[in-house]
1. For 1, 160, 9, what's the fewest-to-most ordering of other Cβ within 10 Å of each Cβ?
2. Under Stokes-Einstein, with the Kirkwood radius over Cα pairs standing in for Rh, what whole-number D in µm²/s applies to the chain at 25 °C and 0.890 mPa s?
3. Take the alpha carbon atoms of the stretch 3-108, find their radius of gyration, then divide it by 2.2 N^0.38 Å using N residues; give the quotient.
4. Fewest Cβ neighbours within 10 Å first, please rank 162, 11, 46 accordingly.
5. Using Cβ contacts closer than 10 Å as the measure, can you line up 83, 119, 77 from fewest to most?
6. Run through all the Cα pairs of the stretch 133-236 and give the fraction in each 5 Å bin from 0, expressed as whole percent.
């Protein structure tokens, strides 16, 4: 028997792509999905090809360099920090190479385009009907202590969900919102100098009200496990 294992990890990083389009050349960020692949015959005694903890341990030194960083600041990624270049950079530094290592896959979590989806009401979470989309952006929180990882310039594939009394006219304005945030450094957006999820939600709520929408919820998600929901100032 030959088994194939996948250990999935996520890296939140910023970068510029000088080789790309005008938007890609701006400082922005992504949530990167990195898969470390292993294969082989399971050990007769313990029953696995390799301990998943060992897969994580192999990648840990590189994770520490990549996560909450600007990729262009790393030697070897100064000019080309595209997905193929990042994959090569990782593979070249996974040393020593174990016999079970099959390879590495690197992808981006977000849609990389404005792809709105209408979501049904979710009573279990107290969420009304809403529209969801993703955008790619960088940010930093320079007011935090020097040793806090969020102080550094980094990035996310943000997921945003927006509810309103009337969703039908909302989508056009959400595309304008996407253009304002996507492939940007959010700290440069007036009012988002401190670009936490909480501040983003509040900013978007006000932005929607200025355009005569009646928002019911704004959700901002940085990572697969971290999100903020905002129901307005008068919500209980």
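Derivation of every value follows stated rules applied to the coordinates shown; laboratory data play no part. Remember, it's a predicted structure, so these values are computed and weren't measured experimentally. Neighbour counts run over all protein chains shown; Cβ positions are idealised from the backbone, glycine included.
1. Details: 1 6, 160 24, 9 17.
Fewest to most other Cβ atoms nearby, the residues stand as 1, 9, 160.
2. Values: Rh = 19.5 Å.
My calculation gives 126 µm²/s for D.
3. Values: Rg = 15.3 Å, N = 106, 2.2 N^0.38 = 12.9 Å.
Normalised by 2.2 N^0.38 Å, the Cα Rg of the stretch 3-108 equals 1.19.
4. On the way: 162 27, 11 23, 46 9.
Fewest to most other Cβ atoms nearby, the residues stand as 46, 11, 162.
5. Working: 83 13, 119 17, 77 20.
The fewest-first ordering by Cβ neighbours comes to 83, 119, 77.
6. 2, 12, 23, 26, 19, 11, 5, 2, 0, 0
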